[in-house]
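Q: Please see the structure below; I have some questions.
The values are calculated or read from the model by the stated rules, or taken from the named source; none is laboratory data. On a predicted model such as this, the values are computed, not experimentally measured, just so you know. Note: ideal-geometry Cβ built from the backbone for every residue, glycine included; neighbour counts use all protein chains shown.
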Amino acid sequence: MSLPMPDADSFARRLLAWFDVHGRHDLPWQHPRTAYRVWLSEVMLQQTQVAAVIPYFERFLGRFPDLRSLAAAPGEEVMRYWAGLGYYARARNLHAAARAVVERHGGEFPSDYAAVLALPGIGRSTAGAILAQAHGQRHAILDGNVKRVLARWAGIAGWPGETAVAEQLWACSERLLPATRLADYTQALMDLGASLCSARKPRCGDCPLAADCRAHLEGRTAELPGAKPKAKKKARPQREAWLIVASDAQGRWLLEQRPGAGIWGGLWCPPVVDLAEDWAAALYQRHGLRLAAVQTDTPIDHAFSHYDLRLHPLRGRLAEPAAAEALRESVPHAWHQPAELSAGVVALPAPIARYAERQAAPTDLLGQTALASVRRPRRRAAPKTPSPAS
DNA sequence: AATACGGGGGC
DNA sequence: GCCCCAGTATT
């Protein structure tokens, strides 16, 4: 640190003056700015953009208006209101934390930093953001937007994923904290990163910090913050599986609840069986069921961050009525109409919900679903459907 | 220190 | 297609 840190007080003053005029003052979690609402917004906003969060936030809050109602709700229902947002561990942690707050703090969201940090799903940045915004406490944050703003303004090079770089950024974030207006300051920093100080084309001409921003002064906004080092061209693995859509006499689908950890943890989904396996044997082993009149559908392609999944839907009727005693209970299961699924009766992975909606909806002459809300999945060229014969 | 975890949106 | 996005937990 050879260069002196420019005046921190001036940094906050300029940022707040900009925020008063150009910042966001109308976000749903700002009115009222209670700890519960801020907490919920911060968790939803982890790795998820504001525009995607807002409708989920409103819906969630409509069903769980306060912390106690969330703690009292069954986990199943919490997952339903989260389905489609992704990163489902966030919802499980949120629910567990609500129950922990009831147990440890009598239902009142704690205002002590260590107590907040101890709750599941809340890390260093989220704890600071909640307490700063809900109570005006003086804590630093460091989310993706703030990393960008500070790396540029202070000229901190290197990829923020590296510990040493992250520590510099945290130190910078703490050093710049003002003495007052912490709630607005925190929001202002995030707003600046989300608007003017964007990743691609920052609008430095309008930025209140440009006068002493090192990246701007040195023409390095494109290089800061540093990018993640190029991974060794590891082609994303492609996985394929059967999606067994078994219908009973009423047209209801068999659903399994997926294990808590891993992909789509805790969500409901028709049985998924690896393409290399014998799907009929797997279905019988798991549920004691056999299918007749099996037909395939266009594959469903879904991209995860670390692999691509292609699901081959296999639709069939139960070969005989499902005798209650024949249904194995080893795997949690349920029966639902496709129309119920698209109506959000259970928590489904987003691509499965779209598939159910297509199956339930009337189709027009082009064979496309008539519902405008349905988005067609991204599709690789000419997907091949293997033979379901086994 | 590295990896897992989802889905939407920009370009 | 590819990359990014208001991170945390786990290994």
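Q: Could you say whether any residue in the range A:101-114 is surrounded by 16 or more Cβ atoms within 10 Å (Cβ to Cβ) and closer than 20 Å to A:Ala17 by Cα?
A: Checking the range A:101-114: not a single residue is surrounded by 16 or more Cβ atoms within 10 Å (Cβ to Cβ) and closer than 20 Å to A:Ala17 by Cα.
Q: Here's another thing I want to ask about it. Pick from the range A:227-263 the residues that are farther than 15 Å from A:Ala334 by Cβ and at pLDDT 90 or above: which of them is farthest from DNA strand C (Cβ to nearest atom)?
A: Start the filter on the range A:227-263 by keeping residues that are farther than 15 Å from A:Ala334 by Cβ, which leaves A:227-243, A:249, A:259-263.
Then keep just the ones that are at pLDDT 90 or above; that gives A:241-243, A:249.
On the way: A:Ala241: 20, A:Trp242: 22, A:Leu243: 20, A:Ala249: 39 Å.
The extreme case among them is A:Ala249.
Q: Additional query: Quick check on my filter: what residues within the range A:109-121 are outside any helix (DSSP H, G or I) and not charged (D, E, K, R)?
A: Listed by number, the residues that qualify are A:Phe109, A:Pro110, A:Ser111, A:Ala118, A:Leu119, A:Pro120, A:Gly121.
Q: Additional query: Could you name every one of the helices (runs of 4 or more DSSP H) located completely within the range A:1-108 that has at least 3 residues being within 16 Å of DNA strand B (Cβ to nearest atom)?
A: In the range A:1-108, the matching helices (runs of 4 or more DSSP H) lie at A:35-44, A:50-63, A:75-82, A:89-105.
Q: I've got another one for you. Identify, from the list A:Arg148, A:Arg138, A:Arg104, A:Arg124, the residue that is in the same structural domain as A:Phe57 (by TED's automatic domain parsing), among the basic types (Lys, Arg) and touching a Cys at 6+ places or on another chain (Cβ under 7 Å).
A: A:Arg148
Q: Scan A:Arg80, A:Arg63 and give me the residue that is surrounded by 15 or more Cβ atoms within 10 Å (Cβ to Cβ) and assigned by TED's automatic domain parsing to the domain that holds A:Ala35.
A: On inspection, the qualifying residue turns out to be A:Arg80.
Q: Step by step: first the residues of the range A:138-161, then only those that are part of a helix (DSSP H, G or I) and farther than 21 Å from A:Gly219 by Cβ, then the one that is farthest from DNA strand B (Cβ to nearest atom). Which residue is that?
A: Within the range A:138-161, the first condition is being part of a helix (DSSP H, G or I), and the residues that meet it are A:144-154.
Within this subset, residues satisfying the condition of being farther than 21 Å from A:Gly219 by Cβ are A:144-146.
Working: A:Gly144: 11, A:Asn145: 13, A:Val146: 18 Å.
Once the filter is applied, the top-ranked residue is A:Val146.
Q: Right, here's the next one. Could you tell me whether the range A:78-88 includes any residue that is hydroxyl-bearing (Ser, Thr, Tyr) and touching a Gly at 6+ places or on another chain (Cβ under 6 Å)? Full working, then the answer.
A: Filtering the range A:78-88 for residues hydroxyl-bearing (Ser, Thr, Tyr) gives A:81, A:87-88.
From what is left, the residues that are touching a Gly at 6+ places or on another chain (Cβ under 6 Å) are A:88.
Looking for residues that are hydroxyl-bearing (Ser, Thr, Tyr) and touching a Gly at 6+ places or on another chain (Cβ under 6 Å), one finds at least one in the range A:78-88, hence yes.
Q: Provide a single number: the residues in the range A:174-205 that are loosely packed, with under 15 Cβ neighbours inside 10 Å and within 16 Å of DNA strand B (Cβ to nearest atom).
A: So the answer is 5.
Q: Look through A:Arg310, A:Arg315 and report the one residue that is at pLDDT 95 or above and either touching a Cys at 6+ places or on another chain (Cβ under 9 Å) or assigned to a strand (DSSP E or B) (or both).
A: A:Arg315
Q: Something else about it: Among (1) under 30 Å from A:Arg14 (Cα atoms); (2) touching a helix residue (DSSP H, G or I) at 6+ places or on another chain (Cβ under 6 Å); (3) not assigned by TED's automatic domain parsing to the domain that holds A:Trp29, there is one condition A:Ile244 misses while meeting the rest; what is its number?
A: Going through the list (1) under 30 Å from A:Arg14 (Cα atoms); (2) touching a helix residue (DSSP H, G or I) at 6+ places or on another chain (Cβ under 6 Å); (3) not assigned by TED's automatic domain parsing to the domain that holds A:Trp29, A:Ile244 breaks only (1).
Q: Does A:Val331 satisfy the condition of being in a loop (DSSP other than H, G, I, E, B), within 27 Å of A:Ala89 (Cα to Cα) and at pLDDT below 90?
A: Here the answer is yes, as A:Val331 does meet what is asked.
Q: Another one. For A:Gly144, are the conditions met, namely being at pLDDT below 95 and more than 13 Å from DNA strand C (Cβ to nearest atom)?
A: Considered against the rule, which asks whether it is at pLDDT below 95 and more than 13 Å from DNA strand C (Cβ to nearest atom), A:Gly144 comes out as no.
Q: When the residues of the range A:178-215 are narrowed to those that are part of a helix (DSSP H, G or I) and touching a Cys at 6+ places or on another chain (Cβ under 8 Å), which ends up nearest to A:Ala8 (Cα to Cα)?
A: A:Ala210
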